[in-house]
Every structure is written in C-alpha cells, then in structure tokens.
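Right, one structure below, let's go through it.
Since every read-out is calculated from the coordinates, none of them should be taken as a lab result. Bear in mind that the values here come from a model prediction, so they are computed numbers and not experimental data. In this analysis, Cβ positions are derived from the backbone assuming ideal geometry, glycine residues included, and neighbour counts consider all displayed protein chains.
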Amino acid sequence: MEIYDHPTFRMACQQFDLVADHLQIPHDERDRLKLPKRALTVALPIHRDDGSTQVLFGYRVQHFLTLGPTKGGLRFHPDVQLGEVAALAMWMSWKCALTGLPYGGAKGGVACDPTTMSKTELERLTRRYTQEMIPFIGPQVDVMAPDLGTNEQVMAWMMDTYSVHAGHTVPSIVTGKPVGLGGSLGRREATGRGVAYLVNRATDTIGLDIGKSTAVVQGYGNVGSIAALSLARYGAKVIAVSDVRGGIYNENGLDLFALERHVASRRTVLGFPEAQPISNEQLLLLPCDILVPAALERQITQANAGQIKCRILAEAANGPTTPEADAILNQRPEVFVIPDVLCNAGGVIVSYFEWVQDLQSFFWGETEIVDKLFRLLETAFTQVLAASRKQKISMRLAALSLGVKRVQEAKRIRGLFP
Ligand code: GLU
C-alpha cells in the first residue's frame, strides 16, 4: 500500500505486526485487519482574505467498518499527509475496540497552518472540506471530532454545513460540538481528565504517592492543559509544560491558574513569569514522576528513550513513542507506560456519549458523564494491566492485543462476503 507510505504509518504497521505475531494471527488474515478500508483525498480551493485563491489538500481515512460507523478526529496541521492520517485511523480502531465502543477507527486532516489563517478563512476551509466529504460521512457512516488544530467552532461549522445540505439539523454528524448545539457536557475536558484518572490508577499500581509527585506535560493544547489541571487536582505538582514554541520550567511548581490567564492573552506558555525557559527536547528529559507527552507523534525515540527520567509515561498524544523507543522502554521496568490507545481514550469515549445523546435527543448531566467515563476507563485499565501481568508483556502490547483481537473476532464472526 504505497499510497500510505509515511514514517507514522510504518510505525503503526510495525506495532500491528508485533501484535499479530503475539496473537499468532494467520498471515493471510493480517492485511485484512491492518489496511484501511477506504480513503478519500480532496483538493480544497478556498478564497484567502487577500482575494487570492489557494488549493489545500484534505484527507479522510476509514480504517474498518465492521462494527458500526467509523469515528475519529479531524486535524489541521501543516505536516498532515495521507499516510499519517491512515496511521491515526488505525490507532482509533484499536482504541475504540479496547474500550468497547461500537465504532471502527477513522481520522481526517487538512494540510494547512491554522495559526496563520483568519477565522473567516478557517470557516471557508472547514465548510469546503465538509462539503467535499458529504458522500463519505454520516451519523451512521463516519463521525468526526476535534483533533490537533481544530476545536468546537470547527465542529459547529461542519455540523451546520452538513445540516444545510440535509435540510434539517443533524447534531450527530460530529462530536466535540459546543454544548449549546447538542454537544456533550464534559467532552472538552474528557481526554485530559481521563489521562489524570489513569495516571492516578497507575500511581496506585506502582505504589507512588500522587500527592508528592511531580509532573511534566509536553503540549499545552486542549488535552495537555486539562491533563495538567486534573493532575494538579489529584495533588501532583506540575513543574514544566510546553507548546510548539518551547517550554517553561519551575522546580517548585507552576501556578496553573496564572498560566491559564497568561496563555489566554499571549497564546503561548512562553514568557510566563516565575519560570525558566526550556526546550521541548530538554523538557522530555527532566527528572519527574509523571511525564505526559500531549503533542505530536514520534517524540520518544531511540535517541531519548534511555534517558527519560519518569516513573509513569502517560501517552496523552497519539503515537508519541516509536517502536524502537518501546524496545528500550521494555528493558526499563522502572518506567510504567500507559499506552496512547488507553491513556487518551477518554476523548472518544465521551464523543461516543455525545453521539448517543444526539441520536436519542436526551441529554445527561456532567456527573453522569464523568461517572460513565471513569467506569469505562477503569474496565479498560484493569483488563490491560491484568493481561500485561498474566502474559508478562508490556502495557502497550497488552492494550493493542486486546483491541486487535476484538476487531479480528468481529470480522471472523461476520465472515467474508461473498
Ligand atoms: N481526536 C481524538 C482522538 O484522537 C478524539 C476522537 C473522537 O472523539 O472521535 O482520540
């Protein structure tokens, strides 16, 4: 499948091959499980504010359709490519299967830099992308959500564009919408909150007092910032955070409320008083108890995996650790890894709740949502930990194996048509 060739896709395939070996999946069944079912690439001509026309490229990959609609985020980032999106779609499949959601995985993206675009340009781009995707999406076909570089507003424009086309309001076409449009309470916080819940469970598991722990968070977007705040609520001291421009560090802990005000006005963590600057590379190597990569893929690599100095590696991002880094971490039992497909699953879990609420037009309170979220995460965490201990395998291999196996079983039971 050369069309998907990309370092992140190769990484997702490498991980899959390890899982397939572990589960002893027959070789002739592997491609059927691994390769995305379908993909759409679209050229998106848009008017820029200066009157010029620009064509951007958009993608959507749906990994497998066996269990219901596909589900996954839409990202706006300059480096987006088809192969990256395909890898992210594959991870969404294992994530949804691991947590028991009735979805296949999907992911979409547009190669653009949203930080240099005006709000009206973003709106035109989003509406054009949605318009081009109409034959490919639907509440029972494929449901998008926010990811890197997209947010509630982008979801609102998508829902509006789709609804205008349908001739009636269709809230269930996207999740992560504003609450006033049929979004779910607790969706925006769900991923970060879930990360902190699982970190707390991991501290119990390894006998670490979270009230005396220190945390470092790479990436201060929706996921990283909420994860930092939620970890602080559990009693952890957040000593360093970063965004795309660099990081800030204070060994005595950062005042997260003051930081929130700083980021709201400056749009970056840089320049925050009472902290020293630190690069993103140095930040990953800081001695701490909890390290949370919450930014891009492939951050923990062969080059730094031997040097990270945390007790818990909580993968809030998708694919932050390469398979080569994994091989090193597997030799470091002092580092407890909460793998991405488990660690960041809170987002898609509450997306599922949002979709269910939209379909039934009956909405739940926030307490109910948080309670249901923690129950699903608890079940998944317990199952992954049990499999890891029983089979003496890494938490990642355990998590991915549980996900892949469920997909394999679903495909086997439905059979191959005709
Ligand atoms: N983009 C998020 C993820 O990677 C959420 C996906 C969703 O809610 O559908 O898990």
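Of the GluC sites (Glu not before Pro) found in region 225-284, those that fall in a DSSP loop while having at most 16 other beta-carbon atoms within 10 Å are E251, E274. So what does log10 I(q)/I(0) come out to for region 49-96 at q = 0.21, 0.24, 0.30 Å⁻¹, using the Debye formula with one equal point on every Cα and no solvent? Reported log10 I(q)/I(0), two decimals: -0.75, -0.89, -1.20. In terms of its alpha-carbon gyration tensor, region 274-418 comes out oblate; a/c meets the 1.5 threshold, while b/c is at least as large as a/b.
Give me the dipole magnitude in Debye, nearest 20, for region 164-263 about the Cα centre, with unit charges on the beta carbon: positive for Lys and Arg, negative for Asp and Glu.
Details: 10 positive and 7 negative charges, 51 e Å.
The dipole magnitude comes to about 240 debye.
Taking amide hydrogens as placed 1.01 Å from N in the peptide plane, the amide H of A111 sits under 5 Å from those of F57, each at least 5 positions away in sequence or on another chain. Amide H contacts of T214 (H built 1.01 Å from N, in plane; Pro and chain starts excluded): K237, D289, I290 sit under 5 Å, all sequence-distant by 5 or more or on other chains.
From the Cα gyration tensor of region 161-245, with a ≥ b ≥ c the square roots of its eigenvalues, which class applies: rounded if a/c is under 1.5, or else prolate if a/b is larger than b/c, or else oblate? Prolate is the answer for region 161-245, as a/c is 1.5 or above and a/b outweighs b/c. Selection among V174, I226, S242 by position relative to the dipole of the chain gives V174 as farthest towards the positive end (Cβ unit charges, Cα centre).
Here K237 is the anchor, and the lysines within straight C-alpha reach of less than 25 Å, apart from those fewer than 8 places off in the same chain, are K212, K309.
Placing unit charges on the Cβ atoms of the charged side chains and taking the dipole of the chain about its Cα centre, the candidate lying farthest along the positive direction among T115, G186, A294 is G186.
Entry note: region 197-279 has Rg to Rh equal to 0.98, where both radii use alpha-carbon atoms and Rh is the Kirkwood radius. Note on H168/T115: beta-carbon distance plugged into 1/(1 + (r/R0)^6) with R0 of 56 Å gives a FRET efficiency of 0.95. Here's how it looks for R38: its modeled amide H is under 5 Å from those of Q62, which are all 5 or more places away or on a different chain. Each stretch of four or more DSSP H residues adds -39500 (n - 2.57); spread over every residue of the chain, this sum gives -15000 deg cm²/dmol at 222 nm. Applying the criteria of a DSSP loop state and at most 14 other Cβ atoms within 10 Å to the trypsin sites (Lys or Arg not before Pro) of region 1-90 yields R48. Here is the list for region 299-397: GluC sites (Glu not before Pro) lying in DSSP coil, each with at most 10 other C-beta atoms within 10 angstrom of its C-beta, are E334. Report the far tail of the P(r) of region 335-383, meaning the percent of Cα-Cα pairs longer than 11 Å. When every Cα pair of region 335-383 is considered, 70 percent fall beyond 11 Å. Between the alpha-carbon centres of region 35-79 and region 335-377 there is a gap of 25 Å.
Once each part is reduced to its C-alpha centroid, what is the distance from region 255-293 to region 388-418 in angstrom? Each part's Cα centre sits 38 Å from the other's. Charge dipole (Cα centre; +1 on Lys/Arg Cβ, -1 on Asp/Glu Cβ; no other charges) of the chain amounts to roughly 760 debye. With a Cα-only, solvent-free Debye model of the chain, what are the log10 I(q)/I(0) values at q = 0.09, 0.12, 0.13 Å⁻¹? Log10 of I(q)/I(0), two decimals: -0.52, -0.96, -1.14.
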